[in-house]
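S.K.: If you scroll down you'll find the structure; I have some questions about it.
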Amino acid sequence: MKHKYIFVGCTAMALCLAGGSHAQTATEQSASDSLALTEIVVTAQRQSESLQQVPIAVSAVTAEALAARGIADSLSLEVAVPNLTLTQNGVSITPFLRGVGSNQSNPNDEASVATYIDGIYIPSVTGNIFRYNNIERIEVLKGPQGTLFGRNATGGVIQIVTRDPETEPLFQGDIGYGKYDTIEASAYATTGLGANLAADLSVVYARNGDGYGHDINRDADIFKRNELGLRSKILWTAGERTEIRLSADYSRLKSTGTDYQLAEGVIGVDGVTSWPGKRKTNTDWKNTGDNEVYGGSLRIDHDFDFARFVSLTGYPHVDGDFHLDQDATPTPIVRADINQFAESWSQEFQLLAPSGSAIDWLLGAYYFNADYAYTPLRIEGFGAAPFTTLDLYGSQNTESLSAYGQATIPLTESTGLTFGLRYTTEDQKTKGSIVGDGVVVLPEDLTRQKQNFKKLTWRVALDHDFSDDILGYLSYNRGIKSGGFNMINANTPGYNPEILDAFEAGLKTQLFDRRVRFNIAAFFYKYKDIQVFNITGGGAVLTTNAAKAEVKGIDIDAAWRVTNELTLSGGLGVLDSEYTDFPDATYTPPSPLDGPQTTIDATGNDLIYAPKVSGNVALDYAMPTDVGTFNLNGTLSFRDKVYVSAANRLAIPGYTVVNASLGWTSTSEKFGVKLWARNLFDKDYYLNRTEQALGDIQFLAPPRTFGVTFSVKTR
């Protein structure tokens, strides 16, 4: 009931403010026109629309906001999006949105919150750690997306939209240096290659040469990274009605891997080792990470008289080679050498209603084919006994075909009804083997399995324009997350798709002559067949469908153009989550010395990575002077405590992080310099804590870092 009152109160406030905003005189309105917030255009429904006219809860962050807030990589996005939690799990980032997500990290474990780049789905979570470059905006769609997007998703969608090249030449670049021998540089260049042809190239590079931690047993620096990314796009305007975009990308991230330490109060599996101290590890094996990602896409847009046609072809590929001391002790118990890859092909066709159509409709078909594999995952140390090395091979192929459609029918001039359906059929097959010291222990022929899913998902929504600046909506959506196989646990059963039904009510408002943007949504989720996992004594991950849950909460996004110089923005997320049926949840003691893993009844416990309160506040102040413009930005992000397992034993405590920057831009806007600080108050908070049979492990986020960045552009 508490959440209901909050929603009703905020809704009433929005309507009252809106009513008041129409009481301005003509003179006041003219004076305030220049203070209107910039309109944000999104593609949440697969076509360009104003953010304020889309009956979906969407948080959109523009390239300017990303730069101002210091959001340079995929792990930093939660700073700007309420109810979004990003946790670094091994060598991947696992997003949780409104308490819905999956902390699995196998290459075939697709995320509950799907990531798209220019409409191309990125299926493997090991491919979503990257730095942003040539970004136009990022859209975070909240709630199940079971109709319009290529792959179904239960939690939502993170959609990254990159810039289109321009025919007029442009170069812009920046280079910065900071604490821990940090170098960050990026460059973007675009030009015309003919009357109807343009191309661009963007490059991003980052490294911290000095690690911000230390391994006391190996006497080595840890938490070091070196990253390079390139992206290029060619835009050919083949005629008045046709545009063709060809894109390619490459990135490589080399690091000291995942530098886990034992948690405070935990004795390791060796019976001796304990917490080594803040940002310290105590291992016998050098952790490393080498993640290589590349791919390409082709988009064709053509405007027929009766409809607009879109073809999207995509190919992402991920190779990973990782070394991990799984037990986090100086004794060689479980050393994991993880070699894996993921690649996929997708083809999507769409027909969209022509511009000006009374009924806004879309029809589409989507084909997806993906291969995932461990080649192999090698276990060394005592965990491989009676062998010195144990090689776990596993692979999965997924082939999926879906057809979908959605239409918005105007019931009156101000009211629309949306109805969408998607039918998906999917075939999966797997095989694997186990080899000990070169001898086949489990042959591939004994592990072959197949499974098939056929699912119908939908969306129903009613929206109403109360005025030109107030949109209200109600919606009911069903989404699914694909199932799969436990690739490194050959011959174990597969797991089924998880299913989420979402009920949502929302308001999108623009107040005081559009100087204020206030969007609010309340939601209720019914969640079943939830995919959950546990880490066994050998370090293997086993996923099963084991739970039902309910989630209810509120999302708020707001912005206020206070003056020409000052803009305030922020967001708030409130969650109330509960497992409604989870009788056989895994309970993992803090230390293996405390006993073996058991099962408990987790019914009534909170969902994992579901903070009760989360949010952010940002201040942007620009002060023009005769020598240029000075810019001040401050961003505060806060997260409540979250649990890392359904047993609700181990938690990541709540934290507040502040980032800040002070910059100067020349009067020509061609040159600039910025002083920046991340984690300004040097807050200790965890990027990851994990329960496993070898003992609780964890690692902290970077400490305070600061530096200076110089920038230049030609126009």
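S.K.: Restricting the first residue to the range 128-156 and requiring it to be on the phi < 0 side of the Ramachandran plot, which pairs with a second residue that is acidic (Asp, Glu) and assigned to a strand (DSSP E or B) meet a Cβ separation below 7 Å and a spacing of at least six or different chains?
M.R.: Phe130/Asp73; Arg131/Asp73; Arg131/Glu227; Tyr132/Asp73; Lys142/Asp555; Gly150/Glu348; Thr154/Glu498
S.K.: A further question follows. Give me the residue from the range 453-489 that is touching a Leu at 6+ places or on another chain (Cβ under 9 Å) and of a type in the set (S, T, N, Q) and, out of that set, nearest to Arg514 (Cα to Cα).
M.R.: Going residue by residue through the range 453-489, those that are touching a Leu at 6+ places or on another chain (Cβ under 9 Å) are 456-466, 469-475, 477-481, 486-489.
Still in the list and also of a type in the set (S, T, N, Q): 457, 475, 477, 486, 489.
Working: Thr457: 36, Ser475: 25, Asn477: 30, Asn486: 51, Asn489: 56 Å.
Selected residue: Ser475.
S.K.: Please work out if Glu413 is at pLDDT below 95 and touching a strand residue (DSSP E or B) at 6+ places or on another chain (Cβ under 9 Å). Write out each step before concluding.
M.R.: Details: at pLDDT below 95: yes; touching a strand residue (DSSP E or B) at 6+ places or on another chain (Cβ under 9 Å): yes.
Spelling it out, Glu413 is indeed at pLDDT below 95 and touching a strand residue (DSSP E or B) at 6+ places or on another chain (Cβ under 9 Å).
S.K.: Could I ask something else about it? Residues of the range 305-346 being of a type in the set (S, T, N, Q), open to solvent by less than 10 Å² (accessible area, probe 1.4 Å) and under 18 Å from Thr256 (Cβ atoms), which ones?
M.R.: Thr329 - this is the single residue of the range 305-346 that is of a type in the set (S, T, N, Q), open to solvent by less than 10 Å² (accessible area, probe 1.4 Å) and under 18 Å from Thr256 (Cβ atoms).
S.K.: Given the criterion under 28 Å from Phe523 (Cα atoms), open to solvent by 30 Å² or more (accessible area, probe 1.4 Å) and at pLDDT 80 or above, identify the matching residue among Ser48, Ser59. Working first, answer last.
M.R.: Details: Ser59 fails: open to solvent by 30 Å² or more (accessible area, probe 1.4 Å).
Among Ser48, Ser59, only Ser48 is under 28 Å from Phe523 (Cα atoms), open to solvent by 30 Å² or more (accessible area, probe 1.4 Å) and at pLDDT 80 or above.
S.K.: Cβ-Cβ distance below 6 Å, separation of 6 or more or different chains: which pairs start in the range 158-171 with a residue that is under 12 Å from Arg231 (Cβ atoms) and end on one that is surrounded by 15 or more Cβ atoms within 10 Å (Cβ to Cβ) and of a type in the set (Lys, Arg)?
M.R.: Pro165/Lys233
S.K.: Then there is this: Taking the range 95-110 on its own, how many of its residues are in contact (Cβ under 8 Å) with a residue 60 or more places away in the chain and either assigned to a strand (DSSP E or B) or touching a Pro at 6+ places or on another chain (Cβ under 6 Å) (or both)? Please lay out each step first, then the result.
M.R.: So in the range 95-110, the residues in contact (Cβ under 8 Å) with a residue 60 or more places away in the chain come out as 95-96, 98-110.
Subsequent filtering for residues that are either assigned to a strand (DSSP E or B) or touching a Pro at 6+ places or on another chain (Cβ under 6 Å) (or both) retains 95-96, 100-101, 110.
Count: 5.
S.K.: Additional query: Quick check on Ser355: is it small (Gly, Ala, Ser), surrounded by fewer than 20 Cβ atoms within 10 Å (Cβ to Cβ), touching a residue at least 24 places away in the same chain (Cβ under 8 Å) and not in a strand (DSSP E or B)? Spell out the reasoning first.
M.R.: Details: small (Gly, Ala, Ser): yes; surrounded by fewer than 20 Cβ atoms within 10 Å (Cβ to Cβ): yes; touching a residue at least 24 places away in the same chain (Cβ under 8 Å): yes; not in a strand (DSSP E or B): yes.
Yes: the conditions hold for Ser355.
S.K.: Then there's this: Can you tell me which condition Asn89 does not meet? The list is (1) modelled with pLDDT under 85; (2) within 22 Å of Glu184 (Cα to Cα); (3) open to solvent by 10 Å² or more (accessible area, probe 1.4 Å), and all the others hold.
M.R.: All conditions pass for Asn89, except number (2).
S.K.: Does the range 265-277 contain any residue that is in contact with a Phe, Trp or Tyr (Cβ under 6 Å, 6 or more places away or on another chain) and either open to solvent by 40 Å² or more (accessible area, probe 1.4 Å) or assigned to a strand (DSSP E or B) (or both)? Give the steps one after another, and end with the answer.
M.R.: At the first step, the residues of the range 265-277 found to be in contact with a Phe, Trp or Tyr (Cβ under 6 Å, 6 or more places away or on another chain) are none.
No, because not a single residue in the range 265-277 is in contact with a Phe, Trp or Tyr (Cβ under 6 Å, 6 or more places away or on another chain) and either open to solvent by 40 Å² or more (accessible area, probe 1.4 Å) or assigned to a strand (DSSP E or B) (or both).
S.K.: Residue by residue through the range 400-426, note down the ones that are surrounded by 14 or more Cβ atoms within 10 Å (Cβ to Cβ) and either hydroxyl-bearing (Ser, Thr, Tyr) or more than 16 Å from Leu148 (Cα to Cα) (or both).
M.R.: The answer is Ser400, Ser402, Tyr404, Thr408, Gly416, Thr418, Tyr423, Thr424, Glu426.
S.K.: Could you grab me the full set of residues in the range 191-220 that are closer than 24 Å to Gly707 by Cα and either crowded, with 17+ Cβ neighbours inside 10 Å or in contact (Cβ under 8 Å) with a residue 40 or more places away in the chain (or both)? Spell out how you get there, then give the answer.
M.R.: First, pick out the residues of the range 191-220 that are closer than 24 Å to Gly707 by Cα: 202-214.
Selection gives Ser202, Val203, Val204, Tyr205, Ala206, Arg207, Asn208, Gly211, Tyr212, Gly213, His214.
S.K.: Kindly state which strands (runs of 3 or more DSSP E) lie completely within the range 606-715 and contain at least 1 residues that are of a type in the set (Gly, Ala, Ser) and open to solvent by 20 Å² or more (accessible area, probe 1.4 Å).
M.R.: On the way: elements: 613-625, 628-639, 655-665, 671-678, 686-690, 697-700, 705-713.
So the answer is 613-625, 628-639, 655-665, 705-713.
S.K.: Quickly run through the range 311-345 and pick out the residues that are over 21 Å from the mean Cα position of the chain (by Cα) and among the aliphatic types (A, V, I, L, M).
M.R.: Answer for the range 311-345, where residues must be over 21 Å from the mean Cα position of the chain (by Cα) and among the aliphatic types (A, V, I, L, M): Leu312, Leu324, Ala328, Ile333, Val334, Ala336, Ile338.
S.K.: Would you tally the residues in the range 428-440 being out of contact with any helix residue (DSSP H, G or I) (no Cβ under 8 Å at 6 or more places or on another chain) and either in a helix (DSSP H, G or I) or surrounded by 14 or more Cβ atoms within 10 Å (Cβ to Cβ) (or both)?
M.R.: Residues of the range 428-440 that are out of contact with any helix residue (DSSP H, G or I) (no Cβ under 8 Å at 6 or more places or on another chain), as a first pass: 428-430, 434-435, 437-440.
Narrowing further to those that are either in a helix (DSSP H, G or I) or surrounded by 14 or more Cβ atoms within 10 Å (Cβ to Cβ) (or both): 428-430, 434-435.
Within the range 428-440, residues that are out of contact with any helix residue (DSSP H, G or I) (no Cβ under 8 Å at 6 or more places or on another chain) and either in a helix (DSSP H, G or I) or surrounded by 14 or more Cβ atoms within 10 Å (Cβ to Cβ) (or both) number 5.
The values are calculated or read from the model by the stated rules, or taken from the named source; none is laboratory data. Not measured: the values here are computed from a predicted model. Backbone-built Cβ (ideal geometry, glycine too); neighbour counts: all protein chains shown. The protein model used for the area step is the full one, side chains on, heavy atoms only, and it has no ligands, DNA or RNA in it. Shrake-Rupley method; radii C 1.70, N 1.55, O 1.52, S 1.80 Å.
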